[in-house]
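Novice: This structure is in structure tokens; I'll ask about it shortly.
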Amino acid sequence: MAEDNCFDVAVVGAGPAGALAAHYAARGGARVALFERKKHVGVPVRCGEGVGLKGFSQSIEVDPAWILSTMTKVRMISPGGIEVGIENIAPSYIVDRTKMDADLVEGARKAGARYFPSTHVRSVKREENGDYRCFFSGQSIKARCVILAEGVESKLARGLGWKTHLAPEDINVCAFCKVTHQSVANDTCVFYMGRKIAPGGYAWIFPRGDGVANVGLGILGSLSKPGLARNALEDFVNYVFPGSSVWDTHCGAVPVGKWLRPLVRDGVMIVGDAARQVHALTGGGIAYGLLAGKMAGTIAAEALRDDAVNYRHLRLYEKRWASGFGKQQLRSWALKSMALTFSDDYLDRIARILARRDPGKLGYLAVFARAFARNPLSMMKAIMLFR
């Protein structure tokens, strides 16, 4: 495909999953088009911006310029206000998603991908010869393979045959803001539990440095109603940070279910939030999206090395995902489903036990193993997930 509007791979969505997919497809020798409907990728930021070094290391190296703060401590606050300190944690960061996302796109461009910002791909159609045509703004391009990374809404995936509907219990309705307050600890993440604060979810405080924090909460879709998340966030900020400066408030949705099957249909692959690739217990999706994008882009380039597309090879993406992070995601979904049965009284009882432990010796594994101790199968899944 040598014509200007013909590509080997079209990637729709330039977030972390899409940008890395484009990077690795181009690096593998494919002619790549990367589309982003917004003028500036990653704006607004619809996540807490937290990610662990272990999650990063599966896909890319951490650029120090992305790191806003390094986490060495965690505080968990039970519904009754009982505080559990956790200090035996692996390295984790709060990252500047705006800079990180822009740098990932630039990395894809340097690898050879052609970038189309402010370009909303409205439909993708398969042609008789098996190629795909992507339509946008009265124009179109042709590609032999398409990678969809358009986020949780994923309208294109629906049009190509995927059942993208999320059950209310598999989505969190979230509200986010930034807060400036003198009480923000720059090395500590804080989580608040309880149905009064965030029904079916939790509230978080992730420090960005210099007394500024990302503050947000997620409410399970089946327990939410219009405006509840934004109002709950306002109440939470007023409670924890009275008199603070608050800005950049916005809302969004985070999938917290199982990953979408299949991940490949003919010559189309789906990655990131569009594929529901997220830690279902925490809602964290950066590490999952990066790895999925790297996998999909690499495999797409390999499948296109001959004149014909090797559709069988494309399906290797789902096989690899299912045996690795996909298995972890299913464990996290099972634990999330179990955690929804926990009453506020039960969480307080667990917190009283853990609060007596030395924070320097307490890690995530011990916390979640204790929380799920009454169900041996769930406890084993917690051990497998957090070991």
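The values are calculated or read from the model by the stated rules, or taken from the named source; none is laboratory data. Keep in mind it's a predicted model, so treat the numbers as computed, not measured. Counting neighbours? That spans all protein chains shown, and the Cβs are built from the backbone with ideal geometry, glycine included. Surface areas here come from the heavy atoms of the whole protein model, side chains and all, with no ligands, DNA or RNA. Shrake-Rupley method; radii C 1.70, N 1.55, O 1.52, S 1.80 Å.
A quick yes/no check of all residues on (1) modelled with pLDDT of 95 or more; (2) crowded, with 23+ Cβ neighbours inside 10 Å:
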position	(1), (2)
26	yes, yes
30	yes, yes
50	no, no
53	no, no
77	yes, no
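Novice: Now, a different point. Are there any pairs, at least 6 apart or on different chains, whose C-beta atoms fall under 9 Å, with the first in the range 375-387 and among the β-branched types (Val, Ile, Thr) and the second assigned to a helix (DSSP H, G or I) and open to solvent by less than 50 Å² (accessible area, probe 1.4 Å), and if so, which?
Specialist: 383/368; 383/369
Novice: Keeping to the range 367-379, report how many residues are of a type outside the set (Val, Ile, Thr) and in contact with a Phe, Trp or Tyr (Cβ under 9 Å, 6 or more places away or on another chain).
Specialist: Taking the range 367-379 as the starting set, the residues that turn out to be of a type outside the set (Val, Ile, Thr) are 368-379.
Now drop any that are not in contact with a Phe, Trp or Tyr (Cβ under 9 Å, 6 or more places away or on another chain), which leaves 368-369, 371, 374, 378-379.
Number of matching residues: 6.
Novice: What are the residue pairs meeting all of these: first residue in the range 341-368, first residue within 21 Å of residue 89 (Cα to Cα), second residue at pLDDT 95 or above and surrounded by fewer than 15 Cβ atoms within 10 Å (Cβ to Cβ), Cβ atoms under 7 Å, and 6 or more apart or on different chains?
Specialist: If the second residue must be at pLDDT 95 or above and surrounded by fewer than 15 Cβ atoms within 10 Å (Cβ to Cβ), the pairs left are 355/83.
Novice: Pairs under 8 Å by beta carbon, first residue of a type in the set (Phe, Trp, Tyr) in the range 279-292, partner at pLDDT below 90, six or more apart or different chains?
Specialist: So the pair list comes out as 288/55.
Novice: Report, by residue number, each residue of the range 102-127 that is within 16 Å of residue 6 (Cβ to Cβ) and among the acidic types (Asp, Glu). Explain how you work it out, then say what you get.
Specialist: First pass over the range 102-127, keeping only residues within 16 Å of residue 6 (Cβ to Cβ): 112-114, 116, 121, 124-127.
Listed by number, the list holds a single entry, 127.
Novice: If you go through the range 164-190 one residue at a time, how many are in contact (Cβ under 8 Å) with a residue 40 or more places away in the chain, in a loop (DSSP other than H, G, I, E, B) and not β-branched (Val, Ile, Thr)?
Specialist: Matching residues across the range 164-190 total 7.
Novice: Just give me the residues in the range 1-55 being within 30 Å of residue 73 (Cα to Cα) and of a type in the set (Asp, Glu), in sequence order.
Specialist: Correct list: 49 only.
Novice: Looking at 232, 274, which is the one that is touching a residue at least 60 places away in the same chain (Cβ under 8 Å), open to solvent by less than 30 Å² (accessible area, probe 1.4 Å) and either of a type in the set (Lys, Arg) or in a helix (DSSP H, G or I) (or both)? Explain how you work it out, then say what you get.
Specialist: On the way: 232 fails: touching a residue at least 60 places away in the same chain (Cβ under 8 Å).
Answer to the selection: 274.
Novice: Continuing with this model, one more query. Give me the residue from the range 143-160 that is under 16 Å from residue 133 (Cα atoms) and of a type in the set (Gly, Ala, Ser) and, out of that set, surrounded by the most Cβ atoms within 10 Å (Cβ to Cβ).
Specialist: Restricting to residues being under 16 Å from residue 133 (Cα atoms) and of a type in the set (Gly, Ala, Ser), the top hit is 143.
Novice: Report yes if some residue within the range 305-319 is open to solvent by 60 Å² or more (accessible area, probe 1.4 Å), acidic (Asp, Glu) and farther than 28 Å from residue 131 by Cβ; otherwise report no.
Specialist: The initial filter retains those residues of the range 305-319 that are open to solvent by 60 Å² or more (accessible area, probe 1.4 Å), namely 305-308, 310-312, 315, 319.
From the residues that got through so far, the ones that are acidic (Asp, Glu) too are 306-307.
If we keep only those that are farther than 28 Å from residue 131 by Cβ as well, we get none.
Scanning the range 305-319, I find no residue that is open to solvent by 60 Å² or more (accessible area, probe 1.4 Å), acidic (Asp, Glu) and farther than 28 Å from residue 131 by Cβ, so the answer is no.
Novice: Quickly run through the range 32-47 and pick out the residues that are in contact with a strand residue (DSSP E or B) (Cβ under 7 Å, 6 or more places away or on another chain) and either free of Cβ contacts under 8 Å to residues at least 60 places away in the same chain or open to solvent by less than 10 Å² (accessible area, probe 1.4 Å) (or both).
Specialist: Of everything in the range 32-47, those that are in contact with a strand residue (DSSP E or B) (Cβ under 7 Å, 6 or more places away or on another chain) and either free of Cβ contacts under 8 Å to residues at least 60 places away in the same chain or open to solvent by less than 10 Å² (accessible area, probe 1.4 Å) (or both) turn out to be 32, 33, 34, 35.
Novice: For the range 235-259, give me each residue that is buried (at least 19 other Cβ atoms within 10 Å of the Cβ) and without any contact (Cβ under 8 Å) to a residue 60 or more places away in the chain.
Specialist: 236, 240 - these are the residues of the range 235-259 that are buried (at least 19 other Cβ atoms within 10 Å of the Cβ) and without any contact (Cβ under 8 Å) to a residue 60 or more places away in the chain.
To keep it simple, each residue is scored yes or no on (1) more than 16 Å from residue 75 (Cα to Cα); (2) among the β-branched types (Val, Ile, Thr); (3) in a strand (DSSP E or B).
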| position | (1), (2), (3) |
| --- | --- |
| 205 | no, yes, yes |
| 214 | no, no, yes |
| 218 | yes, no, yes |
| 222 | yes, no, no |
| 225 | yes, no, no |
